[in-house]
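Notes follow once the structure below has been shown.
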Amino acid sequence: MAASRQPQHVSFVLVAEFDIDKGAVIAQQYPRPTGTDEQLLAESMLPDGVHLLAQDWTIFLLNQSEENSIVPSSEDGADVEAGKLMYVLSLVRTKRDDNVRRGAVVKALAICTCLPYFQIFKPVLLIALDEYYKNPTQACVKDIFDTLNSLDLSMVPALTRNEKLVMRLSDRTDVFAEKFSRRASREMPGDMLSISESTPGLTSKPNGSLEMINQPLSRSKSATSLKHHKRTASEASGEQPSELSHNSSGSMAIGGDEMPQENSHDPRIASNASLDALRSKEELTLSDLSHLSKRRHHHRDTHFYETTIKYANIPLPIKVPVSAFAEEVGDFSLTELIKCFSSTPTTITGPFHPHLHTNGRETHPIILIFNAIITQKRVIFIGHGKPASAVGNCVLAACALASGSGCYLRGFVERAFPYINLSTKGVLDPFASTGYIAGVTNPIFEQLPVWDVLCNIVSNTITVHRDIATAAPALPLFPAPPTLNAASNRADGSAGREDEFGRSPTPSTGHSQPAKPDYLVRQDCYDALFMEEVQASIVNHVGERRVTRKTH
């Protein structure tokens, strides 16, 4: 019977290089070729203008469509065989070298993983790429692959959706600490573990401290335990025996005064006295151990699972987010996206559209982006001269924004392309009808018919395409209620009201001219009030966690 396969965090490790004669090429694929177009992989790993940057990160996805799917193999794990969405994190670095043509060497190292929190591998990639520059062989790539898959994540608590929501809405660092009980028992100090094993009724609590459970003890067993604790404490501290001791007759002596002789032969009194003394001594010991446990565990935040991974003889810290949802991909910053289109005046150009301008000309740019994504428009973030990581952050943050940080809606990550260029823009074609969210750095995309809403993160402008097709409004599920505003009744008795897009009806005249919709601007619009609250939080520096919490 074949041995069970261990789960692999990383399915592939890729290396791309820039060849002055061939351009971007794939140099290494481990443990096997992915089956995806190598030119597509290489162009995605080496972004435009990389020769002007010392370092950059690119993110792209595989298994979104037939154009970028991985060919499964019998040697692959279940995730690859099932065609599960895979995230590719690529680190590209340019090293100046006057001894080579063009005076620089450009290499990129990427990993393919099914984990949406792939940012935990960034510290390893930073060191691994340096190692590959020194030793550009397949053995080095294999070592990277084996190191990443040696990471033990079996102790990461599995929270339900409701538990994740509770944790995200709490600022306490010990919420659901009991979920880490197995880890606390594994990392219990040696002295605490030996005492807990040797002492009857002494057990470990989920937070790593020790607890005494009341158990009936015999007279001989309690006396033996008492002597053991007394001798251990005295030898460790170098002090003389305490006032708590036994006399030669086996009865208790407290404070130098022996117990009355008439009661020393009563087994019930002797057993109770021994048990009380033992409990007082163990309470003192447990108090010291509790302080030791708190010193070891007080700094841990249960919002993250903390561990380490060793690469190149360097222990690297790993922090796995416990309450993250599937739509939260990477270490994006929602604050940066909001500040980009809120802190400075943002110009919105183009025609008004009922799906986008829900508050007329006063529609906030972030609300317009949100409306464009949920109504399946083709949204592109463009940043000429910016690193690919900047536009990628906007794409991933926009997906989290539209999904309510993954709490309510799904399906946006499958249509997300954090970075594409002219060579890889063909991957957008299958999503032309369903919309997508993409990031580019080449300004030529402004002239291509591949977008409905163009968000420029350099000039802080949003352009709505003039040829956006307006979808027909959905049929109402329930009849419209009658208006309650008597002042709006017309002279003929019919009630005038706004339509579903907030437009006022145009009075009929004798001239036949096309009616222009009047998009009402409301100062008390919920979207405007919401954005005011979010911007106030950012100004007060409340942190990324609390800003993200407001989108729930």
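The values are calculated or read from the model by the stated rules, or taken from the named source; none is laboratory data. Every value quoted in this text rests on a predicted model; they were computed, and no experiment measured them. Here the Cβ is made from the backbone with ideal geometry for all residues, glycine too, and neighbour counts use every protein chain on show. Only protein heavy atoms, including side chains, enter the accessible area calculation; ligands, DNA and RNA are left aside. Shrake-Rupley method; radii C 1.70, N 1.55, O 1.52, S 1.80 Å.
So the values come out like this:
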read-out	value
Counted residues, the range 108-161 - those being under 28 Å from Ser405 (Cβ atoms) and either of a type in the set (Lys, Arg) or in a helix (DSSP H, G or I) (or both)	11
Unmet criterion (only one of (1) touching a His at 6+ places or on another chain (Cβ under 6 Å); (2) open to solvent by 40 Å² or more (accessible area, probe 1.4 Å); (3) of a type outside the set (Val, Ile, Thr)) for Asp130	(1)
In the range 436-449, the residues that are open to solvent by 30 Å² or more (accessible area, probe 1.4 Å) and in contact (Cβ under 8 Å) with a residue 60 or more places away in the chain	Asn442, Pro443, Glu446
Scope the range 426-471; condition over 27 Å from the mean Cα position of the chain (by Cα) and under 20 Å from Leu61 (Cβ atoms); matching residues	Gly426, Asp429, Pro430, Ala432, Ser433, Asn442, Phe445, Val450, Trp451
Some residue of the range 83-94 being of a type in the set (Lys, Arg), open to solvent by 20 Å² or more (accessible area, probe 1.4 Å) and in contact with a Cys (Cβ under 6 Å, 6 or more places away or on another chain)	yes
Residue count for the range 388-413, restricted to those that are of a type outside the set (Phe, Trp, Tyr), open to solvent by 10 Å² or more (accessible area, probe 1.4 Å) and out of contact with any helix residue (DSSP H, G or I) (no Cβ under 9 Å at 6 or more places or on another chain)	3
Checklist (1) crowded, with 23+ Cβ neighbours inside 10 Å; (2) assigned to a loop (DSSP other than H, G, I, E, B); (3) of a type outside the set (A, V, I, L, M) applied to Ser433, failing item	(1)
Matching residues, the range 369-381, being over 23 Å from the mean Cα position of the chain (by Cα), more than 13 Å from Ser433 (Cα to Cα) and surrounded by fewer than 24 Cβ atoms within 10 Å (Cβ to Cβ)	Asn371
Condition met for Leu396 (modelled with pLDDT of 95 or more and among the hydrophobic types (A, V, I, L, M, F, W, C))	yes
Matching residues, the range 17-35, being out of contact with any strand residue (DSSP E or B) (no Cβ under 6 Å at 6 or more places or on another chain) and free of Cβ contacts under 8 Å to residues at least 60 places away in the same chain	Asp21, Lys22, Gly23, Arg32, Pro33, Gly35
Per-region count, the range 95-104, residues open to solvent by 30 Å² or more (accessible area, probe 1.4 Å) and either under 18 Å from the mean Cα position of the chain (by Cα) or touching a residue at least 40 places away in the same chain (Cβ under 8 Å) (or both)	2
The listed residue being buried (at least 22 other Cβ atoms within 10 Å of the Cβ), in contact (Cβ under 8 Å) with a residue 24 or more places away in the chain and out of contact with any Cys (no Cβ under 6 Å at 6 or more places or on another chain), out of Leu53, Leu14, Leu40	Leu14
Members of the range 105-125 that are touching a Leu at 6+ places or on another chain (Cβ under 7 Å) and either open to solvent by 40 Å² or more (accessible area, probe 1.4 Å) or small (Gly, Ala, Ser) (or both)	Ala108, Ala110, Pro123
Unique match (being at pLDDT below 95 and touching a strand residue (DSSP E or B) at 6+ places or on another chain (Cβ under 8 Å)) among Thr344, Thr363, Thr358, Thr335	Thr363
Criterion (assigned to a helix (DSSP H, G or I) and touching a Gly at 6+ places or on another chain (Cβ under 8 Å)) met by exactly one of Ile369, Ile338, Ile373	Ile373
Test: His291 is within 30 Å of Gly406 (Cβ to Cβ), modelled with pLDDT under 85 and surrounded by fewer than 17 Cβ atoms within 10 Å (Cβ to Cβ)	no
